[in-house]
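One structure below.
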Amino acid sequence: MKTRQILADIPPYVPGERHPGAIKLSSNENPLGCSPAALEAIARAATEAHLYPDGSAQALKQALAEETGLSPEQIILGNGSDEVLTLIAAAYINPGDRVLVGAHTFSQYAFATRLFDGRVEAVPMPELSFDLDLIIGRLEEPGQPPVRIVFLCSPNNPTGLTISQDDLERFLARLPPRVLVVVDHAYLEFQEDPASCDARRCLKDYPNLVVLQTFSKLHGLAALRVGYGLAAPEIIRALHRVRSPFNVNSLGQAAACAALKDRDFIRTSLETNHQGRALMNAFCERSHLPHTSSEGNFIMLRIPGEARFYANLLAQGGVTVRPLGSFGLPQWLRITIGTPEHIATLEALMKPLLTDPPGVPG
């Protein structure tokens, strides 16, 4: 039986590698696990596993409303923020619509677009950063349909670089209201530069803005798949029209509510990331490895050869990292910021590879 033609143009998603017994620094997960309070909430919720979850996720929406200062009508929950991306595409992309993404950013923006027969156009990222002026220049092109959606990611995956608040506000002010802007803030909580943007501040002024966040990173609930979108009520209503019922399970809802309240775990996780980021930056500088000034819970560094080759050697030594060939960056690795012990192990493995590269291709 013949499938849709578009499937030939959609590569399957390749997750970060996981090897039994290895330290996993390939998927930007919380190295401390998840909140003890969340684990207790999961155990309690599991006693009602025979019941359907609350399809409207009212308790979690209310908790997020209190956290963000928004109303529950401005929040939609998803089976991870990946699902919210798909809902956005389902609600807003017509076949042939143009969608702009960065040349080096998260692949699921392109996936969601292609799934609904949209046209993905990658905009160059000079010095690995989003160039918002270049994006503005691509909105109207002779003989081409107008752009429907712009996807931005800040801190960006995989670079960790951010868009400034001033630049984002200027960009939104220049954008036609018909263009939907989606800002993926999966790593928002980790950023420390006060100039970095928080797109949530712009929601009240821009009804064409959607902000995505997740419980997979800081809160350590990646396995439970809980993400959410923030937007004007009319956008949220449109997304609900294409949302499957019961899309966020009861265990995830309960764990997310508990995780939001566990301030001690949040503080410890942020402190661990701050310390680890400093250790990773120092290692890169001592080793003369070009690297980005990441504001996420990961760092991106360039090695003298093919990244996939280095990643395989590190995996054999017991640490998995992410080579970035699929992001158009074949000489770069993305490495999750782990605990000091994880970082010490990584350094011990990398030092001999850097001082005496074993026939590195490329």
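The values are calculated or read from the model by the stated rules, or taken from the named source; none is laboratory data. Remember, it's a predicted structure, so these values are computed and weren't measured experimentally. Note that each Cβ is placed from the backbone with ideal geometry, even for glycine, and that neighbours are counted across all protein chains shown. Side chains are part of the model used for accessible areas, which takes the heavy atoms of the whole protein and leaves out ligands, DNA and RNA. Shrake-Rupley method; radii C 1.70, N 1.55, O 1.52, S 1.80 Å.
Looking only at region 177-192, which residues are within 14 Å of V84 (Cα to Cα) and part of a helix (DSSP H, G or I)?
Within region 177-192, none qualify.
Do we find a residue being farther than 22 Å from Q108 by Cβ, open to solvent by 50 Å² or more (accessible area, probe 1.4 Å) and modelled with pLDDT under 95 anywhere in region 227-245? Break it down stepwise before answering.
Of all residues in region 227-245, those farther than 22 Å from Q108 by Cβ come to 232-234, 237, 245.
Adding the requirement that they be open to solvent by 50 Å² or more (accessible area, probe 1.4 Å) leaves 234, 237, 245.
Right, trim to modelled with pLDDT under 95 and you get 245.
Taking every residue of region 227-245 in turn, at least one turns out to be farther than 22 Å from Q108 by Cβ, open to solvent by 50 Å² or more (accessible area, probe 1.4 Å) and modelled with pLDDT under 95.
Collect the residues in region 200-229 that are part of a loop (DSSP other than H, G, I, E, B) and basic (K, R), keeping them in residue-number order. Before you say what the answer is, go through the steps one by one.
The first filter runs over region 200-229 and keeps only residues part of a loop (DSSP other than H, G, I, E, B), leaving 203-208, 215-221, 225-226.
Within region 200-229, K204, K217, R225 qualify.
If you take the residues of region 187-236 that are among the basic types (K, R) and either touching a Phe, Trp or Tyr at 6+ places or on another chain (Cβ under 7 Å) or free of Cβ contacts under 8 Å to residues at least 60 places away in the same chain (or both), which of them is farthest from T159 (Cα to Cα)?
Top of the filtered list is K204.
Can you name the residue in region 53-67 that is in contact (Cβ under 8 Å) with a residue 40 or more places away in the chain and in a helix (DSSP H, G or I) and, of all such residues, is surrounded by the most Cβ atoms within 10 Å (Cβ to Cβ)? Give the steps one after another, and end with the answer.
Here is the first cut: in region 53-67, the residues in contact (Cβ under 8 Å) with a residue 40 or more places away in the chain are 53-55, 57, 59-60, 63-64, 67.
After this cut, where a residue has to be in a helix (DSSP H, G or I) as well, the list is 59-60, 63-64, 67.
Values: A59: 13, L60: 24, A63: 20, L64: 21, E67: 12.
Per the stated criteria, the residue is L60.
Only one of R174, R148 is of a type in the set (K, R) and more than 26 Å from E83 (Cβ to Cβ); which?
So the residue among R174, R148 that is of a type in the set (K, R) and more than 26 Å from E83 (Cβ to Cβ) is R174.
Where in region 68-172 are there helices (runs of 4 or more DSSP H), lying fully within it, with 2 or more residues that are crowded, with 24+ Cβ neighbours inside 10 Å?
81-92, 108-115
For residues in region 202-226 being under 25 Å from I266 (Cα atoms) and of a type in the set (K, R), which is surrounded by the most Cβ atoms within 10 Å (Cβ to Cβ)?
K217
From the set of residues in region 280-296 that are closer than 20 Å to N30 by Cβ and out of contact with any Pro (no Cβ under 6 Å at 6 or more places or on another chain), which is most open to solvent (accessible area, probe 1.4 Å)?
Restricting attention to region 280-296, the residues satisfying the condition of being closer than 20 Å to N30 by Cβ are 280-281, 294-296.
Then drop every residue that is not out of contact with any Pro (no Cβ under 6 Å at 6 or more places or on another chain), which leaves 280-281, 294.
Numbers: M280: 1, N281: 38, S294: 7 Å².
Restricting to residues being closer than 20 Å to N30 by Cβ and out of contact with any Pro (no Cβ under 6 Å at 6 or more places or on another chain), the top hit is N281.
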